[in-house]
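Data block below; observations after.
Computed from the coordinates by the stated procedures, all read-outs in this text should not be read as laboratory data. Predicted model, so just to flag it, every value in this text is computed and none were measured.
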Amino acid sequence: MTQTLSRTAALAAVLAGSLMLQGCLVGAVVGTAGAVVGGAAKATGAVVGAGVDAVTTSDEETRARREREQRDWEREQRRCEQRRAQGRNC
């Protein structure tokens, strides 16, 4: 009985959280909810945590992505300047 109650509570929490999310994140959370229902009560926290990790990005990942995009933009600008110096279009 308590195992069923735990699963129901976890499913309710995940579904309530999914109402606050947008777009494709909802699909990921609904998929996680299915995993919670099928999993054991002890694994519920790990499954929900993995689902949240899968749909969120950390500040470090965001910073790394921005730095990578900045380096790519700067590289393209240097290539464009070299092409212009050779009389070619960018």
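How far, in nm, would the chain grow between Arg75 and Arg63 when pulled straight, counting 0.36 nm per residue and subtracting the alpha carbon separation? Present the calculation step by step, with values, prior to reporting the outcome.
On the way: separation 12, 0.36 × 12 = 4.32 nm, distance 1.83 nm.
Here the answer is 2.5 nm.
³J(HN,Hα) across the stretch 70-85 via Karplus (A = 6.51, B = -1.76, C = 1.60, θ = phi - 60°), whole Hz, x for Gly/Pro?
Coupling constants for the stretch 70-85: 5, 4, 4, 5, 5, 4, 5, 5, 5, 5, 5, 4, 5, 4, 5, 5 Hz.
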